[in-house]
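Everything on this sheet refers to the single structure shown next.
The values are calculated or read from the model by the stated rules, or taken from the named source; none is laboratory data. No experiment lies behind these values; they were computed from the predicted model shown. Counting neighbours? That spans all protein chains shown, and the Cβs are built from the backbone with ideal geometry, glycine included. Note: accessible area is taken over every heavy atom of the protein model, side chains too, but ligands, DNA and RNA are not part of it. Shrake-Rupley method; radii C 1.70, N 1.55, O 1.52, S 1.80 Å.
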Amino acid sequence: YVDWIAGLAQGQMGNSYTYQVPVMELVVERLEVTVPLGLGAMLLATVLALSMGLFAASRHNKAGDYGVMAASQLGLAIPNFWFGIILIIVFALILGWAPSGGFPRWEEGVGRSLAALVLPVAALGFTLAAIFVRLIRSAVLDVLREDFVRTARAKGLSKGAALRGHVLRNALIPVITIMGIIFADAMAGTIVIE
């Protein structure tokens, strides 16, 4: 164990007993799927959460807000691996729009590789979006109560312009911090989705 720890400190993780190759080679080989999957899921989650979070916050205590919050609660309640199975059944088996499993190497074609990532990215991205929607909505509602937003509206700025120009920029500060922390968790969660 001491020899292994000493090797780990030098960047050598030892050899895999199962595959009889250095562990670092296996890790690097798996990263070609894990990194695009994690980045794609974060991108999808961010785009969905920004649009839905702003929508919900701008319609606070109205039907649109309740609908978005109900959808995000459903997204939090459904485990991402179960959601992935549902996506496979619907979009791969029933509709035949996407491959149901496996990952072709990037050398076999970028299009085929990206097509194989669509369902896993959706499974991980939608569940992450459910978390981010709540964060963004809460942050936007906090900033909407600030004096500078009331001043901007009093000077004639439309609600949409105030949201885009003043509120969103200030609301994203805590959200981006938390997104960074959740990104590390999402990268670990890709193992289940893969």
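How high is the FRET efficiency from Tyr19 to Val110, r the C-beta distance, R0 22 Å, rounded to 0.05?
0.25
Mind pulling the angle between the C-alpha long axis of helix 63-77 and the longest principal axis of the chain? Nearest 10 degrees, somewhere in 0 to 90.
20
Determine the share of the range 119-178's accessible area contributed by carbon and sulfur atoms, expressed in whole percent, with a 1.4 angstrom probe.
Here it works out to 61 percent.
What distance in nm separates the simple spin-label points at Arg59 and Arg150, each placed 7 Å from Cα in the Cβ direction?
Output for this residue pair reads 2.6 nm.
Taking amide hydrogens as modeled 1.01 Å from N in the peptide plane, which residues meet the under 5 Å criterion relative to Asn15, leaving out close sequence neighbours?
Val23
For helix 110-144, what angle does its Cα long axis make with the longest principal axis of the chain, in degrees from 0 to 90 and rounded to 10?
40
Tell me, what is the per residue accessible area of the range 22-155 in Å², probe radius 1.4 Å?
With the other protein chains kept in place, the range 22-155 gives 55 Å² per residue.
Under the Karplus relation 6.51 cos²θ - 1.76 cosθ + 1.60, θ = phi - 60°, what is the ordered set of whole-Hz ³J(HN,Hα) values for the range 43-60, x standing for Gly and Pro?
5, 4, 5, 5, 4, 5, 5, 4, 5, 6, x, 5, 4, 5, 5, 6, 10, 3
Distance from the Cα centre of the range 155-194 to that of the range 41-106, in angstrom?
For the range 155-194 versus the range 41-106, the Cα centre distance is 16 Å.
On a 1.4 Å probe surface of the protein chains, which of Tyr1, Tyr19 comes out largest in accessible area, and what is the full order?
Greatest to least solvent exposure: Tyr1, Tyr19.
Give the ranking of Val167, Val118 by solvent-accessible surface, highest area first, calculated with a 1.4 Å probe.
Greatest to least solvent exposure: Val118, Val167.
In the range 1-89, if the dipole is taken from +1 on Lys/Arg beta carbons and -1 on Asp/Glu beta carbons about the Cα centre, which of Ile89, Met52, Gly14 is farthest to the positive end?
Met52
If each of Leu95 and Leu8 carries a label point 7 Å out from its Cα toward its Cβ, how far apart are those two points in nm?
Placing both labels 7 Å beyond Cα along the Cβ direction yields 4.4 nm.
Sorting Phe81, Phe55, Phe132, Phe103 by accessible area (1.4 Å probe), largest first, what list results?
Ranked list, largest accessible area first: Phe81, Phe55, Phe103, Phe132.
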